[in-house]
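The numbers here are math on the coordinates, done by the rules we state, and not lab data. Only a predicted model underlies this, so the values are computations on that prediction, with no experimental measurement involved. Every residue, glycine as well, gets a Cβ built from its backbone with ideal geometry; the counts of neighbours run over all protein chains shown.
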Amino acid sequence: MWAGREPSESATETPAQTRGHRRGAVMALELYLDLNSQPCRSVYIFATKNNVPFEFKKLNLLEGEQYGEEFGKINLIRKAPALRDGDFCLAESIAILLYLAEKFKTPDYWYPADLHQRARVNEYLSWQHMTIRLQGSKVFWLQLLIPKILGADVPQDKLDAALEDLNASLTLLEDKFIQDKPFIAGDHITLADLVAIVEVMQPVGAGVDVFEGRAKLSAWRDRVQAAIGEELFDEAHKTILGAQESVKLMDASKLQFFKPKILKLFM
Ligand SMILES: N[C@@H](CCC(=O)N[C@@H](CS)C(=O)NCC(=O)O)C(=O)O
């Protein structure tokens with residue numbers, strides 16, 4: 001079994017810490033994050049935007065840190081994001097977002113108390129896992145990481161099929177979820193928009209312009225970016241938007257531990 005590295009010791013360069021999220025000797029709530037990951041970005045943006053005091057524990061997924069012994073104690077599912085709050089550990093981004101919203105009593109608009117608005121948020125959060133999330137990730141892997149790891153382009157028909165599925169879901173995002181409203185649940189940004197935008201941006205990181213020819217999606221993206229704050233949005237997406245360059249510099253031999261998973265899931 002792959003013996004992963006341990007999470008990088010409180011990566012000193014993380015934006016969260018330079019913003020002063022780290023709190024002296026008191027054990028802060030810890031978030032294990034890799035900003036290459038969509039669900040990690042949603043948690044990072046939500047925590048930062050809402051001034052949640054947290055320690056950014058950088059987990060380098062492409063170096064296999066999720067398979068290390070220490071991280072196994074935090075999250076046996078071995079996926080990021082993960083949270084530790086004292087003795088309490090939590091996996092799954094949606095559960096983490098809701099935990100933070102409840103614990104830190106974030107403004108109501110994120111997860112509205114109104115029955116119908118909340119139901120709209122829940123509807124999107126329930127739908128996205130097997131659609132935009134799955135398809136956007138698949139496009140990202142097929143387009144960028146798999147050619148690097150396997151040393152060959154993936155067959156064009158596979159990529160075309162993945163793009164077709166993603167496009168069908170983006171059309172549903174526009175027609176069923178956004179419609180003619182500013183945001184998915186109405187006039188204000190909610191967790192649904194946050195979870196949606198980080199996934200929609202993932203294929204963009206692989207060079208696929210999902211916004212081309214989609215005026216509604218582009219206008220919604222601009223509103224979501226403005227609601228989050230351009231600076232925070234850009235900071236959270238800097239790593240993924242630089243992925244094409246950073247993948248070029250990676251040593252493919254160090255990524256081979258992903259190969260069995262790739263062959264099983266994608267080929
Ligand atoms: N349903 C989980 C998905 C988490 C997930 O798939 N994380 C990926 C990164 S986007 C991961 O940690 N992958 C590492 C691996 O599979 O080895 C959530 O929403 O938190």
Taking a crude spin-label model, label points 7 Å out from Cα along the C-beta direction, the M250 to D153 distance in nm is 2.0
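Rank these for me by crowding, L33, L163, going from fewest to most other beta carbons within 10 Å. If you can, show how the numbers build up before the last one.
Details: L33 28, L163 18.
Lowest count first: L163, L33.
Consider all pairwise Cα distances in the chain and report the whole-number % of them above 22 Å.
On the way: 20170 of 35511 pairs.
Every Cα pair in the chain considered, those over 22 Å come to 57 percent.
Work out, in µm²/s and without decimals, the Stokes-Einstein translational diffusion coefficient of segment 111-257 at 20 °C, 1.002 mPa s, Rh from Kirkwood over C-alpha pairs.
On the way: Rh = 16.3 Å.
In µm²/s, the coefficient is 132.
Test of understanding: what is the full-extension gain from A161 to E212, defined as 0.36 nm times their sequence separation minus their Cα-Cα distance? Spell out each step's value before the answer.
Details: separation 51, 0.36 × 51 = 18.36 nm, distance 1.81 nm.
Using 0.36 nm per residue and subtracting the Cα-Cα distance, I get 16.5 nm.
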Beyond 17 Å, the calculated P(r) of segment 15-106 holds a percent of Cα-Cα pairs equal to 44
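Any chance you could run the full-extension gain for N60 through K73? It's 0.36 nm times the residue separation minus the Cα-Cα distance, nm to one decimal.
On the way: separation 13, 0.36 × 13 = 4.68 nm, distance 1.64 nm.
Computed gain between N60 and K73 is 3.0 nm.
At 0.36 nm per residue, minus the direct Cα-Cα distance, what do E123 and F266 gain on full extension? Give it in nm, one decimal, please. Mind dumping the intermediate values first?
Numbers: separation 143, 0.36 × 143 = 51.48 nm, distance 2.75 nm.
Difference between extended and current length: 48.7 nm.
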Quick calc: nm separation of the 7 Å Cα→Cβ label points for L115 and A95 -> 2.9
Over 30 Å (Cα to Cα) among K105/K138; K57/K259; K181/K238; K216/K261; K148/K216; K73/K254 -> K105/K138; K216/K261; K148/K216
